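Trainee: Structure below; questions to follow.
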Amino acid sequence: MSSIVLQQAINGIVVGSLYVLVALGLTLIYGVLVQINFAHADIVTLGAFAAYGVTHLLSGNYLAGIAAALGLGAALGWLINAGIFVPLRERGSELLPLIATIGVSIMLQNAMLALLGPIPYAFDTPYSNQVIRLGTLFLTVQNVLIILVSGVSIALLYGFMKFTFLGKALRAVSQDRETAGLMGINPGHLIMLTFVIASALAGLSGAMLGPVLVLTPFAGTSVIVKAFAIVIIGGFGNVEGTILAGLLVGLIESYTTQFLDPGLIDIVVFALLLLTLAVRPTGLIAERREENV
Amino acid sequence: MTSLLQTQALELAYGQVPACRDISINVNDGEIVTLIGANGAGKTTILRAIAGALPPRSGTIRFAGKDITALPSHERTNLGIALVPEGRRVFPFLTVRENLELGGFKFRKEHARVRDRMQAMFGMFPRLRDRAAQNAGTLSGGEQQMLALARAMMSEPRLLCLDEPSLGLAPLVVRDIFQTITAINARGTAVLLVEQNARYALQVARRGYVLQTGSIATSGPCSELRSDLRVQEAYLGRGAASAGAAAP
């Protein structure tokens, strides 16, 4: 019994850390711009396909595939910001970028559908079938890699935000853009940096998800709904809350699968979302907004 | 004395709503100049234009002999203009230390300089040293004002613009803040002070401009402005007595 609990905890952390990678990008962009990039899901999908393509092209070099997905994500982030968010922001509308990214998302999905077809791809990495046994527990090397890559990315992001000048400037821009400008910070540069980081994470998560999930042009879309729920549960724009909520949702999913019914996963997750909205509308770790006059 | 900041016939507006017109002010190297006026007279608007947060509709702004009218605010900071905005606007979820570091953002490649500068600020405001690891949002109003002031001074500005530094603070704290402003100026930084508390402002500054509904009503040395009847009536609260005495 306890080994089942432990085994499912590992599975939950694997799924959860993937969700965290996807959700962090959403929350970073929201934190800085108070905007949502609906094409985020498709960067995940494109990352998965890029990793698939490069891995196969280089006869099984999955690590090169991961790097390619990361690079493609970063490039797409730059492109989406420069092509959509910057020009539409100059027009001064809040709603336009949101709608434009929905358009980009639909366009990308259909382009992938036309190019790659609706039949799921079997993305097997050299690590998918290597199993590590720890007593009664077992996990694939792919799962270890997922936890490792996610853990390292999250730690790097955290360190960047906490300890570097640029990371602190990024947090300043997200708290008060105009005042950040007064500090000599160019907010435009930091918004661009946010898009690049967020989308690189999305591409990366695609590379990690691809071998685990059903790889179709809609792979990202199936994850993004959960990622949105996680962003809300964690508190919009709150990095720590997003990490916690992502792992929590992963654990809930794996325990629901084990002890209840896999079909109930979405119901349980979204019940948690509703509960959060009712009880703690600002998210799990609400930032304390103390105001002094 | 050479002119450090010069605005010429500035016309400012928020969208279609005009806010200020024909604003020509001058701040010389090393002096304290004040802008006083009632609520809504346009004081904050002018400071925002000088800091680059609000592009003017027409007119020019020159700083240290250079036309900066079209420069975005982050580049003005690099030239030596610092603004302590109204309501202090510290970054509430960054620590006091991080707020100060960002004030020195333009020296980010010179770590030693930022560190030294921060030590100097801690020397000037010992309270901030005690609270260095605390989130700025948890500070009291007076402490936040000190932090906003120290943060602006981190960039070693040639011109320090202050927007209502006394707003909402206890009288003792206000006195401290004004003493600090005088001390900062004594070390060579020019100060442009926007204040509702005209009594303090006219004591601290050398020259002043009086704003009325978006344009400059009068200007001159503060000693003259203090004895100006209109200024007294409107801003120094001696209105009733002098108006009574002047009535036939």
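Readers should treat all values here as calculations from the given coordinates under stated rules, not as data from a laboratory. This one's a predicted model, so the numbers in the text were calculated from it and none came from an experiment. Neighbour counts run over all protein chains shown; Cβ positions are idealised from the backbone, glycine included.
Trainee: Work out the FRET efficiency for B:R226 and B:R115 from their Cβ-Cβ distance, taking R0 = 30 Å, and round it to the nearest 0.05. Please list the in-between numbers first.
Mentor: On the way: r = 43 Å, r/R0 = 1.42.
Efficiency, from the Cβ-Cβ distance: 0.10.
Trainee: Can you give the angle from 0 to 90° between the axis of helix A:165-175 and the longest principal axis of chain A, with both taken from C-alpha atoms, to the nearest 10?
Mentor: The two axes meet at around 70 degrees.
Trainee: What fraction of the DSSP beta bridges in the protein assembly as shown is antiparallel, stated in percent and rounded to the nearest 5? List each step's numbers first, then the result.
Mentor: Values: 26 of 45 bridges.
Around 60 percent antiparallel, to the nearest 5.
Trainee: What does the structure give for B:83-92 when I average, per residue, the other chain Cβ atoms found within 10 Å of the residue Cβ?
Mentor: 4
Trainee: Here's a follow-up. Just want to confirm a number: the relative contact order over chain A, from Cα pairs under 8 angstrom separated by 6+ residues, in percent.
Mentor: Numbers: 470 pairs, mean separation 106.9, N = 293.
Relative contact order for chain A comes out at 36 percent.
Trainee: Let me know the whole percent of all Cα-Cα pairs from the protein assembly as shown that are separated by more than 44 Å. Kindly include the intermediate steps, with their values, before the conclusion.
Mentor: On the way: 45410 of 146070 pairs.
Taking all Cα-Cα pairs of the protein assembly as shown, the fraction more than 44 Å apart is 31 percent.
Trainee: Compute the normalised compactness of segment A:2-279: alpha-carbon radius of gyration over 2.2 N^0.38 Å, N being the residue count.
Mentor: In units of the globular-protein estimate, segment A:2-279 measures up at 1.00.
Trainee: Run the Debye formula on the Cα coordinates of segment A:1-118, all scatterers equal and no solvent, and tell me log10 I(q)/I(0) at q = 0.13, 0.20, 0.21, 0.22 1/Å.
Mentor: Taking Cα atoms of segment A:1-118 as identical point scatterers yields -0.65, -1.14, -1.19, -1.24.
Trainee: Please work out whether segment A:65-194 counts as rounded, prolate or oblate from its C-alpha gyration tensor, where a ≥ b ≥ c are the square roots of the eigenvalues and a/c under 1.5 means rounded, while otherwise a/b larger than b/c means prolate and anything else oblate?
Mentor: oblate
Trainee: Tell me, what HN-Hα J-couplings in whole Hz come from the Karplus equation 6.51 cos²θ - 1.76 cosθ + 1.60 at θ = phi - 60° for each residue of segment B:223-232, using x for Gly and Pro?
Mentor: Each residue of segment B:223-232 in turn: 4, 6, 5, 4, 9, 5, 4, 5, 5, 4 Hz.
Trainee: Follow-up. Using θ = phi - 60° and the Karplus form 6.51 cos²θ - 1.76 cosθ + 1.60, what ³J(HN,Hα) does each residue of segment A:209-222 get, whole Hz, x for Gly and Pro?
Mentor: Whole-Hz 3J(HN,Hα) from phi for segment A:209-222: 6, x, x, 9, 9, 7, 8, 10, x, 10, 4, x, 4, 5.
Trainee: For segment B:129-186, which trypsin sites (Lys or Arg not before Pro) are both in a DSSP coil and crowded by at most 15 other Cβ atoms within 10 Å?
Mentor: Loop-located and lightly packed - none at all.
Trainee: State the percent of C-alpha pairs, over all pairs in segment B:3-246, separated by a distance greater than 25 angstrom.
Mentor: 42 percent
Trainee: Antiparallel DSSP bridges in chain B: what percent, to the nearest 5?
Mentor: Numbers: 21 of 40 bridges.
Roughly 50 percent of the beta bridges in chain B run antiparallel, per DSSP.
Trainee: Quick one: which of A:227-233, B:116-122, A:241-247, A:129-135 comes out on top by average Cβ neighbours within 10 Å, and what's the full order, highest first?
Mentor: Top of the packing list down: A:241-247, A:227-233, B:116-122, A:129-135.
Trainee: Would segment B:82-132 count as rounded, prolate or oblate if I go by the C-alpha gyration tensor, calling it rounded below 1.5 in a/c and otherwise prolate when a/b exceeds b/c, oblate otherwise?
Mentor: The shape class here is oblate.
Trainee: Please say if segment A:168-293 is rounded, prolate or oblate, where rounded means a/c under 1.5 for a ≥ b ≥ c the square roots of the C-alpha gyration tensor eigenvalues, and otherwise the choice is prolate for a/b larger than b/c and oblate otherwise? Kindly include the intermediate steps, with their values, before the conclusion.
Mentor: Working: a/c = 3.42, a/b = 1.48, b/c = 2.31.
Oblate, because a/c is 1.5 or more while a/b does not exceed b/c.
Trainee: Please list, short to long, the whole-number percent of alpha-carbon pairs of segment A:81-126 in consecutive 5 angstrom bins beginning at zero.
Mentor: P(r) over segment A:81-126, rounded to whole percents: 5, 19, 18, 14, 12, 11, 10, 7, 4, 1.
Trainee: Same structure, new question: What are the ³J(HN,Hα) couplings of segment A:127-140, residue after residue, when phi is run through the Karplus curve with 6.51, -1.76, 1.60 and θ = phi - 60°? Round to Hz, x for glycine and proline.
Mentor: 9, 5, 10, 7, 10, 9, 10, 10, x, 8, 8, 9, 8, 7
Trainee: Something else now. How high is the relative contact order of chain B? Use alpha-carbon pairs under 8 Å, at least six apart in sequence, and give a whole percent.
Mentor: Numbers: 465 pairs, mean separation 64.1, N = 248.
Relative contact order, chain B: 26 percent.
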